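The values are calculated or read from the model by the stated rules, or taken from the named source; none is laboratory data. Please read these numbers as outputs of a predicted model, since none were measured by experiment. Because the Cβ atoms are built from the backbone with ideal geometry, glycine has one as well, and the counts that use them run over all protein chains shown. Note: areas computed on protein heavy atoms with side chains; ligands, DNA, RNA excluded. Shrake-Rupley method; radii C 1.70, N 1.55, O 1.52, S 1.80 Å.
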Amino acid sequence: MLDRLSFPQPWLSLTLFITWQFLSDGVSGGSVVLGIILAWGIPQMTQGFWPDPPAFIKAWRMPAYLARVIRDIVVASFEVARLILSPRPARPAFICYPLELEHPLAITILASTISLTPGTVSADVSDDNKLLLIHALDAEDDQEVIDTIRARYEKPLLEMFQ
Amino acid sequence: MNPYAEYAICLLLLIGGAFTLVGAIGLARLPDFFTRLHGPTKATTVGVGAIVISSVIYFSTLGQGIGIEEILITAFLFMTAPVSANFLAKAAMHLKVKTTENSRGQPWDQ
């Protein structure tokens, strides 16, 4: 009974509370009360879906990673736009990417990053969390795509999560 | 309003509009389902991003505070776009949607 009244994931609760304060028009008594209710209720309801407490140790590396991802999104957007407008047909490919990451949250972040950067979509993860299926819009060489993702995104994530 | 802010807003709106248009053209032009998935989820990332930044500049120069709501919109969009793209790709793989002839590799089914 007592664990019903606790905050099982304090960081998630804090994020939800702050997000609610930004969403509601200015901090007031009502927004604080509703924010606390949401910060308590949503983690309680979603608790069954979280695999295990994420071993998120080196959070200070996150801003540098985000900056790199945003820069890559902008650069790759121009490449995809040029490809769409050029008469040359695309060379799409399905690529099996061997994962080095093991934590489910880390794999989720990597898959989301791959989907957000233009030119690649992560389509599926194998059942044993060892392979990631990527669809590339225009890939000349499978190994080149794998190496780029490994060096630019997976290495920083590995450092963050281990 | 500050003329430089107006130029910046115009430029960002034009960039945003151009990328959204390219995304729509991609949706129409690309050959199969999986490649079409790239057009709207990608070119629009920058499209919506640029439009949101122009909105932030507009409302902050009007003196109505910095638009944190717009930044939250971007954050939510960036969190949900990969999930919907992943669902679409998974559904297409499950239905064994045809790919173009020059596409390399195979989707797996499990």
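Points to keep in mind about this one:
- Cα gyration tensor shape for region A:2-49, rounded if a/c is under 1.5, else prolate or oblate: prolate
- Relative to the Cα centre, the charge distribution of chain A, modelled as +1 at Lys and Arg Cβ and -1 at Asp and Glu Cβ, gives a dipole magnitude of about 500 debye.
- Separation of the residue A:11 and residue B:77 label points, Cα + 7 Å toward Cβ, nm: 2.6
- Nearest-ten-degree value, helix A:62-85 long axis tilted from longest Cα axis of chain A: 40
- Placing dummy labels 7 Å off each Cα toward the beta-carbon, the span from residue A:67 to residue B:59 is 2.7 nm.
- Entry note, chain A: relative contact order of 23 percent, from Cα contacts under 8 Å with a spacing of 6+ residues.
- For the protein assembly as shown, the dipole from Cβ point charges (+1 on Lys and Arg, -1 on Asp and Glu) about the Cα centre works out to 340 debye, to the nearest 20.
- Computed in the context of the full set of protein chains, the accessible area of region A:82-146 at 1.4 Å probe radius has 54% of its extent on carbon or sulfur.
- Dipole size of chain B about its Cα centre, with +1 on Lys/Arg Cβ and -1 on Asp/Glu Cβ: approximately 480 debye, rounded to the nearest 20.
- Listed by chain and number, the aspartates and glutamates placed with their C-alpha closer than 14 angstrom to that of residue A:155 are A:100, A:102, A:147; residues fewer than eight positions away on the same chain are left out.
- Using a Förster distance of 35 Å, the FRET efficiency for residue A:128-residue B:8 (Cβ separation, nearest 0.05): 0.10
- You can think of it this way: the chain between residue A:158 and residue A:59 has 34.4 nm of extra reach, that is 0.36 nm per residue less the Cα-Cα gap.
- Shape call, region A:3-145: gyration tensor on alpha carbons, a/c limit 1.5: prolate
- Three-way shape label, region B:3-95, alpha-carbon gyration tensor, a/c 1.5: oblate
- Here the 3J(HN,Hα) profile of region A:35-48, calculated from phi with Karplus coefficients 6.51, -1.76 and 1.60 at θ = phi - 60°, is x, 5, 4, 5, 5, 8, x, 5, x, 4, 6, 8, 4, x Hz, Gly and Pro shown as x.
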